[in-house]
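The structure appears right after this line, and notes come after that.
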């Protein structure tokens, strides 16, 4: 029996590998079967049936007492004993950085809040990625490095405690509280990090932290396996919310993210393999879900694509894009499946967004966008952009994009908006059974190759071509 199960898993894996080699779908039955195969590979980790209540380690839930040490001791004890759940009970627990260890499920109980400190000294330097570039910088509020079988669960609240006077203004935008009287902002350090990446400086010698104003992410799991995040709510993030990097077997389900600060992306899986995001809710200050694989040289040198991602049954409200690929996509992306999702907000810019540039490079292929219901959006239902940032010498490839059963009640400027290179057109773009209403213009495209339109209606008119 075990041999049969292992053989089934192997065949599922090989099917996904084959579809990562530039093949072209001819029917939605193919990607739908790939989704079913992939689901068999992604499982939530299991944990020893033992609880460790942080109050037993001295934690006080009054919102004032700092509980960093108590939470650390509970996690270390749980880990050393062989694993289990670390319980955050009802109450408001102020804390600094939390380091999550193997075989530990950090469980945020109903009525519990983890309130994160506004003091940057509570977030020690770690090896991290900041906007797709490797460096030493502040720890994420919850961080794990090279751990296995880890989880954040429970119906409680994670409050990043960021606002116009704490963390957000570091972005340097007046809209988020910055002005000339503030002590600093991120632009000089960001430019320096870009140059260090271009010069291929050893990432561990790219040292930032205090005085550089590069905001930490909320939750970052780095080089981890078997990651499970379920049921929690996140608010007031300093920057990106959930950021798994170079992880494998990631399941994120029933998570609610409501945070409208600068660069407040919802979920940013970066260079990850086998990711399943389901039944989540997004109302964000940037992209709701943005799939990434590293910026420019760092992304290309590591060469790890984002691959085998499922996004299903999610609700997308405000954001720069619903399902997004890029822009830090130097390692490429393949086998991305978004299905049965709902999007609706006058502040949602785009439904499907693929953004990259010739400073990034990489191959983006096999993107399946299926059975999506959209109320309203601002710019485009489908957006391709190869000119997102400064140009370089690494023209990207976008190919095999399949959009089927896209229904839009009240669109924005365009149904489809595309900007590509003549030497690298968006290739094998298919739209089937799509009904997009209320747009100002049906499309604005330049270089598309091998377009297939079947039963595509825009403002009631049937289109068989965009040329």
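The values are calculated or read from the model by the stated rules, or taken from the named source; none is laboratory data. None of the values given here were measured: they were computed from a predicted structure. In this analysis, Cβ positions are derived from the backbone assuming ideal geometry, glycine residues included, and neighbour counts consider all displayed protein chains.
For residue 121, are the conditions met, namely being under 30 Å from residue 85 (Cα atoms), in a helix (DSSP H, G or I) and out of contact with any helix residue (DSSP H, G or I) (no Cβ under 7 Å at 6 or more places or on another chain)? Yes, satisfied. Take the residues of segment 358-388 that are over 19 Å from residue 451 (Cβ atoms) and touching a helix residue (DSSP H, G or I) at 6+ places or on another chain (Cβ under 9 Å): which is surrounded by the most Cβ atoms within 10 Å (Cβ to Cβ)? Looking at the filtered set, the residue picked out is 360. Filtering segment 145-160 to residues that are surrounded by fewer than 18 Cβ atoms within 10 Å (Cβ to Cβ) and either at positive phi or assigned to a loop (DSSP other than H, G, I, E, B) (or both) leaves 146, 155.
Would you say residue 154 is in the same structural domain as residue 61 (by TED's automatic domain parsing) and under 21 Å from residue 77 (Cβ atoms)?
Values: in the same structural domain as residue 61 (by TED's automatic domain parsing): yes; under 21 Å from residue 77 (Cβ atoms): yes.
When the stated conditions are applied, residue 154 passes them.
Among what's in segment 269-281 and is at negative phi, free of Cβ contacts under 8 Å to residues at least 40 places away in the same chain and in contact with a strand residue (DSSP E or B) (Cβ under 6 Å, 6 or more places away or on another chain), pick the residue that is surrounded by the fewest Cβ atoms within 10 Å (Cβ to Cβ). Per the criteria, the residue is 281.
Every test in (1) touching a helix residue (DSSP H, G or I) at 6+ places or on another chain (Cβ under 8 Å); (2) surrounded by fewer than 18 Cβ atoms within 10 Å (Cβ to Cβ); (3) more than 29 Å from residue 273 (Cα to Cα) is passed by residue 52 save one, and that test is (2). Checked against (1) over 29 Å from residue 27 (Cβ atoms); (2) out of contact with any helix residue (DSSP H, G or I) (no Cβ under 9 Å at 6 or more places or on another chain), residue 417 meets all criteria but (1). Inside segment 174-199, residues that are under 23 Å from the mean Cα position of the chain (by Cα) and part of a loop (DSSP other than H, G, I, E, B) make up a count of 1.
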